[in-house]
């Protein structure tokens, strides 16, 4: 059973996907609610929305309304049965405000599912100073920009203190000795390199060296390397 189904998603529900990106989860929601249900999927990135809309058409999913929008600026009503948000709160300076907005869109008893990261849970076996430096740079870069890379750990209490009950959680994390799982780490470092340098957290020379060392770690079959830990939390809107 998928996370969405465990949280209570059922056919016929009216759903909201906040920060839908390319729409992968949106499509899953749309299939699970079937033709009697619907999904409003929003993201501020117009390119991603256009790609998601085209893919939905290719998959013959007609129950999705894609919108280029910012949740805080939208008027959506208050009759949604289900809201989903993934990797949103960790990038926000005020996640409480956005969660309150999501709560307002839900009917009493409506379900919210929030998914976010716990970067301090990253690990290597044996321990690796190279990995520790990478994790440190990611956390610091996001913090400089108003975010929290360990937001996932806060999700259960955030939901409980902002109008949700019956809050549950689960943890996801992959680890491997070879393959794509390990390569995610150096690739992520390459993706954040410009931001790290722009925030003056490391020089280009250090970043280049770190990327090379992370590829060595990823390609060493004698070392275990994980992905970032992910926390899933869900609950229902209180009636009062």
Exercise. Angle between the Cα long axis of helix 46-58 and the longest principal axis of the chain, 0 to 90 degrees, nearest 10?
Worked result: 60
Exercise. Where a ≥ b ≥ c are the square roots of the eigenvalues of the C-alpha gyration tensor, would you call the range 114-181 rounded, which needs a/c under 1.5, or, failing that, prolate if a/b is larger than b/c, or oblate?
Worked result: oblate
Exercise. Under a plain spin-label model, where a point goes 7 Å from the Cα along Cα-to-Cβ, how far apart in nm are residue 10 and residue 203?
Worked result: 6.2
For this session: Can you tell me the 0 to 90 degree angle between the C-alpha axis of helix 204-218 and the longest principal axis of the chain, rounded to 10?
Result: 80
Seminar exercise, completed: the chain: relative contact order from alpha carbon pairs under 8 Å, six or more residues apart, as a whole percent, is 21
Problem set entry | Contour excess over end-to-end distance, with Cα ends at residue 180 and residue 54 and 0.36 nm allotted per residue | 42.6 nm
Exercise. For the peptides 119-130, 134-145, what is the packing order when you average, over each peptide's residues, the other Cβ atoms within 10 Å and list the highest mean first?
Worked result: 134-145, 119-130
Problem set entry | Extension gain from residue 62 to residue 239, taking 0.36 nm per residue of separation minus the Cα-Cα distance | 60.6 nm
Problem set entry | Label-to-label distance, nm, for residues given as residue 97 and residue 73 (7 Å Cα→Cβ offset) | 1.4
Seminar exercise, completed: FRET efficiency for residue 195 and residue 120 from the Cβ-Cβ distance with R0 = 25 Å, rounded to 0.05, comes out at 0.85
Problem set entry | Relative contact order %, the range 1-112, counting alpha carbon pairs below 8 Å whose residues are six or more apart | 28
Exercise. Given Cα pairs under 8 Å that are at least 6 residues apart, what percent is the relative contact order of the range 108-230?
Worked result: 41
Problem set entry | (1) 55; (2) 41; (3) 45, with the label sought being that of the calculated percent of Cα pairs over 27 Å apart | (2)
Exercise. Taking the mean number of other Cβ atoms within 10 Å as a proxy for protection, how do you rank 80-86, 227-233 from highest to lowest?
Worked result: 80-86, 227-233
For this session: Please find, in a Gaussian network model of the chain (springs between Cα atoms separated by less than 10 Å), the residue of 23, 77, 152 whose mean-square fluctuation is greatest.
Result: 77
Problem set entry | Full-stretch length increase - residue 1, residue 173 - with 0.36 nm per residue and alpha-carbon distance subtracted | 60.2 nm
Exercise. Mind checking the angle between helix 95-105 and the chain's longest principal axis? C-alpha axes, 0 to 90 degrees, to the nearest 10.
Worked result: 20
Exercise. Quick one: if you stick a label point 7 Å off each Cα along the C-beta vector at residue 47 and residue 161, how many nm between them?
Worked result: 3.7
Problem set entry | Bridge type composition, the chain - antiparallel percent by DSSP, nearest 5 | 50
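Just so you know, all these numbers are worked out from the coordinates, no wet-lab data involved. In this text, all values refer to a predicted model and were calculated from it rather than measured experimentally. Quick reminder, even Gly has a Cβ in these numbers, built from the backbone with ideal geometry, and neighbours come from all protein chains shown.
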